[in-house]
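Here is the structure we will look at.
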Amino acid sequence: MSEDCVFCKIIEGQIPSNKVYEDENVVAFLDANPVSKGHTLVVPKAHVDTVFDAESMEYMWKPIVKVANAIREAFDVEDMNINQNNGSLAGQEVDHLHFHLTPRYDGSEIDISYNRSEPENADEVAEQIRSKTA
């Protein structure tokens with residue numbers, strides 16, 4: 001646990017939250033500033049800043065799916081964004097790994113836009129990544 005981390009304080013019960021799920025490794029609670037009804041964060045209890053430090057956290061996936069399905073059933077949600085902002089340039093505001101489960105009701109909840117273009121040197125780029133996964 002990190003003493004100055006707001007999510008660690010929520011996990012420890014020092015800051016109140018609206019928890020919707022908890023097991024030995026993970027806690028899920030409603031976002032304090034939700035984008036839509038049911039917007040939930042799924043957070044590992046162990047403090048790591050980003051996904052780069054999360055190699056041993058494969059246990060995250062089952063709770064994400066479980067909570068996503070619970071939100072879907074509770075609010076009759078058809079669509080949902082599940083995202084993880086990794087680092088400040090990617091929009092991460094709290095330096096504790098977390099996944100956003102954001103229900104979409106009419107599509108206006110989140111405005112996602114990308115400046116996409118044709119890939120340059122895709123074969124070389126793919127090989128550079130492949131060589132680091134071996």
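Coordinate-derived values only; no laboratory data. Just so we're clear, the structure is a prediction, and the values are computed from it rather than from any experiment. Here the Cβ positions follow ideal geometry from the backbone for every residue, glycine too, while neighbour counts run over all protein chains shown.
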Inside the range 1-28, can you point out the residues that are in contact (Cβ under 8 Å) with a residue 60 or more places away in the chain and charged (D, E, K, R)?
none
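How many of the residues in the range 1-20 are assigned to a strand (DSSP E or B) and loosely packed, with under 15 Cβ neighbours inside 10 Å? Explain how you work it out, then say what you get.
From the range 1-20, those assigned to a strand (DSSP E or B) are 19-20; that's our starting set.
Applying the additional criterion that residues be loosely packed, with under 15 Cβ neighbours inside 10 Å yields 19.
Result for the range 1-20: 1.
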Going by the structure shown, is Val65 out of contact with any Lys or Arg (no Cβ under 7 Å at 6 or more places or on another chain) and surrounded by 14 or more Cβ atoms within 10 Å (Cβ to Cβ)?
no
Can you give me the ranges of the strands (runs of 3 or more DSSP E) entirely in the range 21-134 with at least 3 residues that are within 21 Å of Val6 (Cα to Cα) and among the acidic types (Asp, Glu)?
none
Got at least one residue in the range 72-80 being out of contact with any Phe, Trp or Tyr (no Cβ under 8 Å at 6 or more places or on another chain) and either over 22 Å from Asp106 (Cβ atoms) or without any contact (Cβ under 8 Å) to a residue 12 or more places away in the chain (or both)?
yes
Subset tally (residues that are of a type in the set (Ser, Thr, Tyr) and touching a strand residue (DSSP E or B) at 6+ places or on another chain (Cβ under 8 Å)) for the range 76-117:
1
